[in-house]
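Reading through the structure tokens given below for one structure.
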Amino acid sequence: MAVCSLPFTLVGCGGLLGAGDKATANTGKGDEVTIGLLLPETATSRYEKFDHPIIKKEVAGLTGGKGVFLYANAKENAATQSRQLARMVEQRADTVIVDAVDARKIEPAVVKAKEAGVHVIAYDRLAQGPVDGYITFDGELVGQVQGQAMLEALNKNPEGGRKIVMMNGAPTDPNAAVFKRGALSQLRNNVDIAKSYDTTGWKAEIARANMTAAINAVGKDAIAGVYSANDTMAGAVIEALKAAGVTELPPVTGQDAELPAVRRIVSGEQYMSVYKPYPEEAARAAEMAVRIAQGRMIEYDGLASDKSDSPGHKDIPTHLVQVNALTRKTIKSTVIEDGIYKVGDICTAKYAADCEEIGLTR
């Protein structure tokens, strides 16, 4: 199954580094390795709540406390992130995990890092350039799960029509195209896509403006559902619908299982989200980074048993993490069971009755 948008494609299984890569034997560094982490922004709550602390903790555990951990957040600025990567090269990082702000613009910095002998692991989205590995959620499956959920919701209300609006992610994010492709594999030929938008920077304010435009063009009562690629935009879509006077909200999809979205799902305002087990992704990324830094390639290859292609680079060792639909029925078995949230986090006084209705109690 594809994990990246064309020209990013999953091409098979394996896990061996390409012949041109240097790390083919144990480096002898043992636990005294330096691991860097570059995250793209702080607007999405997962990065500071899950990814950063989990990777930091895992690096410490994997190295017996002897490893050095470096961290920086680009706050949505691609040029800043390139400078941060260069700085980590100067700090003699052995491996840097990079969640790129812009997959294309980071490439020159990745090339320079590799020339300096620093391993680069692409995290969450596939950075262009000679990366040593890639770890991500199965992006096409994310879109398929969203599309299937939308069809399920529409089929429950056959009188509601089949016109939907698609609120896709940022065009600079290769994952956004993958989510879109996965969703279209389910929606195409089954719905009428009245309007479709790509959302610069995944920004809520842009999603809300686009949704307002869609409402004006299509008509508030003619929209049977909204495919939203993530939860932040789903919230903005719902705000726009309410502002237009819609009282019976159409099904709205999402992704990331953000707390406000989980509450909206409990209350029935948002139909579903996609739960991506961030602890698993973060833990595996840390392990990949440490093992390649140590030159423990048999273990590294075992972690990255799929492959991906990016422009100019083929057979990138890849680890895919599976995802699950999050609905009113699956809150317990996903975010509660994995310790992402406690019942008390979700079921505040405002949502107490809704929580009781679905059996979500302390």
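The values are calculated or read from the model by the stated rules, or taken from the named source; none is laboratory data. Remember, predicted model here, so these are calculated numbers, not experimental data. Reconstructed Cβ throughout: ideal geometry from the backbone, glycine too, with neighbour counts over all protein chains shown. Areas reflect the complete protein model, heavy atoms only, side chains present, ligands, DNA and RNA absent. Shrake-Rupley method; radii C 1.70, N 1.55, O 1.52, S 1.80 Å.
Things worth noting here:
- Residue match in the range 309-326 (condition: open to solvent by 10 Å² or more (accessible area, probe 1.4 Å), modelled with pLDDT of 95 or more and over 30 Å from V68 (Cβ atoms)): yes
- Number of positions in the range 92-116 that are part of a loop (DSSP other than H, G, I, E, B) and either within 19 Å of F69 (Cβ to Cβ) or open to solvent by 40 Å² or more (accessible area, probe 1.4 Å) (or both): 7
- T42 in a loop (DSSP other than H, G, I, E, B), among the β-branched types (V, I, T) and either open to solvent by less than 80 Å² (accessible area, probe 1.4 Å) or at pLDDT 95 or above (or both): yes
- Screening I97 with (1) farther than 28 Å from G235 by Cβ; (2) touching an Asp or Glu at 6+ places or on another chain (Cβ under 6 Å) gives one miss only, at (2).
- Boolean, R291 is over 22 Å from A204 (Cα atoms), crowded, with 22+ Cβ neighbours inside 10 Å and among the basic types (K, R): yes
Here is a yes/no grid of residues against (1) open to solvent by 50 Å² or more (accessible area, probe 1.4 Å); (2) on the phi > 0 side of the Ramachandran plot; (3) over 20 Å from the mean Cα position of the chain (by Cα):
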| position | (1), (2), (3) |
| --- | --- |
| E48 | yes, no, no |
| H52 | no, no, no |
| G61 | yes, no, yes |
| K66 | yes, no, yes |
| Y71 | yes, no, no |
| N77 | yes, no, no |
| T80 | no, no, yes |
| L85 | no, no, yes |
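- Of all residues in the range 210-247, those satisfying the criterion of being acidic (D, E) and touching a helix residue (DSSP H, G or I) at 6+ places or on another chain (Cβ under 9 Å) are D231, E239.
- Among the residues of the range 245-283, those identified as crowded, with 18+ Cβ neighbours inside 10 Å, assigned to a helix (DSSP H, G or I) and of a type in the set (D, E, K, R) are R263, R264, E281.
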